[in-house]
1. For A93, work out the one condition from (1) part of a helix (DSSP H, G or I); (2) open to solvent by 20 Å² or more (accessible area, probe 1.4 Å); (3) more than 10 Å from the ligand (Cβ to nearest atom) it doesn't fulfil.
2. Could you grab me the full set of residues in the stretch 38-48 that are part of a loop (DSSP other than H, G, I, E, B) and either among the hydrophobic types (A, V, I, L, M, F, W, C) or open to solvent by less than 70 Å² (accessible area, probe 1.4 Å) (or both)?
3. Quick one: would you say V106 is open to solvent by 40 Å² or more (accessible area, probe 1.4 Å), closer than 30 Å to S157 by Cα and assigned to a helix (DSSP H, G or I)?
4. Applying the selection to the stretch 138-178, what residues are open to solvent by less than 50 Å² (accessible area, probe 1.4 Å), farther than 27 Å from S193 by Cα and of a type in the set (D, E, K, R)?
5. Is one or more of the residues making up the stretch 71-90 within 13 Å of the ligand (Cβ to nearest atom), surrounded by 17 or more Cβ atoms within 10 Å (Cβ to Cβ) and outside any loop (DSSP other than H, G, I, E, B)?
6. Please go through the stretch 1-26 and give me each residue that is assigned to a strand (DSSP E or B) and more than 16 Å from the ligand (Cβ to nearest atom), ordered by number.
7. Which residues, counting only those in the stretch 13-27, are touching a helix residue (DSSP H, G or I) at 6+ places or on another chain (Cβ under 9 Å) and either on the phi > 0 side of the Ramachandran plot or open to solvent by less than 20 Å² (accessible area, probe 1.4 Å) (or both)?
8. If V30 satisfies all but one of (1) within 9 Å of the ligand (Cβ to nearest atom); (2) part of a helix (DSSP H, G or I); (3) surrounded by 20 or more Cβ atoms within 10 Å (Cβ to Cβ); (4) free of Cβ contacts under 8 Å to residues at least 60 places away in the same chain, what's the number of the condition it fails?
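The values are calculated or read from the model by the stated rules, or taken from the named source; none is laboratory data. Everything numeric in this text was worked out from a predicted model, so none of it was measured. Cβ coordinates were reconstructed from backbone atoms using ideal geometry, including for glycine residues, and neighbour counts include every protein chain displayed. Areas reflect the complete protein model, heavy atoms only, side chains present, ligands, DNA and RNA absent. Shrake-Rupley method; radii C 1.70, N 1.55, O 1.52, S 1.80 Å.
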Amino acid sequence: MPLALITGGATGLGAAIAREAHDRGYEVAVLDLAEARDVPWRSLVGDVTDEASLIAALDALGAVPDLLVNNAGVVQFAPLLDMTTEEFARITAINLTGAFSMARLVARGMVERGSGHIVNVTSIAGIATSPGVNAYVSSKRGLAALTELMAQEWGPSGVRANAVAPGMIDGGMSTGIYQNEAARARRSGAVPSRRLGTEDDIAQAVMWLDSEGASYINGHELVVDGGVTKAVMSLIPRD
Ligand SMILES: NC(=O)c1ccc[n+]([C@@H]2O[C@H](COP(=O)([O-])OP(=O)(O)OC[C@H]3O[C@@H](n4cnc5c(N)ncnc54)[C@H](O)[C@@H]3O)[C@@H](O)[C@H]2O)c1
């Protein structure tokens with residue numbers, strides 16, 4: 001039974017990925033700041049910005065995961081001029097450095113074993129930038145670049161690394177945005193697929209990337225957004 005470890009797996013997209021992995025017969029563990037309750041998988045407490053807590057959690061897990069999903073992430077909206085260096089560093093520490101720390105700790109064992117897969121959860125915000133999204137944008141674009149590097153450095157040892165970039169998802173950290181019916185309609189109307197995405201859309205994409213049929217995909221950022229990122233020119237008035 002393959003072992004999947006999902007960071008930030010107590011809520012939102014991470015919990016959906018854990019559920020999907022569990023349904024597909026994986027042994028599942030999630031790592032989050034607080035314990036996940038009433039779930040049929042292991043819950044590890046750790047902070048991706050605190051390497052000692054990650055080492056302790058991996059020791060408690062007692063095995064090298066076959067699949068690591070670096071999903072823990074936070075967003076903070078503010079214009080660059082209003083953002084302090086400390087706030088910028090905090091977002092980067094969780095979204096980018098945290099994923100690096102976790103991947104580095106787990107990949108050592110994967111490389112030794114000669115197999116494994118790391119999926120980094122990025123965002124369309126790192127591909128199509130917009131004002132006010134500040135450190136989130138740079139951390140997610142950085143994570144996409146880091147994914148390519150992981151694939152190149154660890155690929156020869158049988159370890160794959162890919163990214164999934166969600167967009168327009170009605171769930172997780174975006175739940176609040178879609179409480180407003182008018183915002184829902186405006187946003188889903190801008191998506192070529194004419195709907196918002198679900199947490200399950202992302203979970204399916206992550207788990208498909210880990211399937212045998214996707215075994216030659218390495219260093220790729222899979223955009224799961226109903227087509228909106230590529231449709232940016234359709235949103236610009238012609239006259
Ligand atoms: N929901 C969306 O619309 C959307 C879109 C694009 C990308 N994403 C990405 O998906 C991932 C999951 O986000 P979500 O929407 O489920 O948000 P969420 O806020 O529901 O879940 C994030 C999880 O990460 C955990 N976390 C935060 N800081 C942590 C830390 N230092 N150490 C360990 N865990 C930590 C939180 O406790 C939480 O359980 C994030 O990387 C996010 O950037 C989400």
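1. The one condition A93 does not meet is (3).
2. Scanning the stretch 38-48 gives V39, W41, G46, D47, V48.
3. No; evaluated as a whole, the condition is false for this residue.
4. R160
5. no
6. Here is the first cut: in the stretch 1-26, the ones assigned to a strand (DSSP E or B) are 3-7.
Selection gives L3 alone.
7. Hits for the stretch 13-27 are G14, A15, A16, I17, A18, A21.
8. (2)
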